Amino acid sequence: MIAIIGIIAAVVIPNVYSFRIAGELAAAREEVGNVKTAALAYHANNSAWPSSSSQLTAFLAGNITGTYGFDKNYGWVINGTGWSGLNWQSGTTGVKGTHGKWVR
C-alpha cells in the first residue's frame, strides 16, 4: 500500500509543479496582451506612448502583477519584471521592433 502511494506521489508531484508554472506563464502572457491593448488606448488619448505600465491604470481593469516599459517612439513592450519564476525575453525598438514576452 505504501509503495503504491509512493509511486503515485512520484508521478503526481512533478506534474502539479509543471501545471502551476504553465498556468503562471499563461497568466503572464495574457497580462501582456492586456497591457498592449491599454497602451493603444493610452496612445489614442494622449498622442504619445506610455513610458511605463504605471501610466495605464485608467485603461486596465484591476491591478497587474508585472511592470512593463515601452519603446517611446513606437509603443513596443520592451521590458518586464514582476513574475517570479518567469523570465522576460526583451523586445526590440524601432520601426521593425518587436514586443517582448514572458518565457520559462
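No lab work stands behind these numbers, since they all come straight from the coordinates. Computed from a predicted structure; not experimentally measured. As a convention, Cβ positions derive from the backbone with ideal geometry for all residues, glycine included, and neighbour counts pool all protein chains shown.
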With ALA22, ALA28 as the choices, which residue is surrounded by 10 or more Cβ atoms within 10 Å (Cβ to Cβ) and in contact with a Leu (Cβ under 8 Å, 6 or more places away or on another chain)?
ALA28
Which one is nearest to SER84 (Cα to Cα) among residues in region 46-69 that are aromatic (Phe, Trp, Tyr) and in contact with a strand residue (DSSP E or B) (Cβ under 7 Å, 6 or more places away or on another chain)?
TYR68
Which numbered condition ILE64 fails, given (1) on the phi > 0 side of the Ramachandran plot; (2) touching a helix residue (DSSP H, G or I) at 6+ places or on another chain (Cβ under 8 Å)
(1)
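So that you can scan it fast, the table gives a plain yes or no per residue for (1) among the β-branched types (Val, Ile, Thr); (2) in contact (Cβ under 8 Å) with a residue 12 or more places away in the chain:
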position	(1), (2)
ILE5	yes, no
ILE8	yes, no
TYR17	no, no
ILE21	yes, yes
ALA26	no, no
ASN34	no, yes
ALA44	no, no
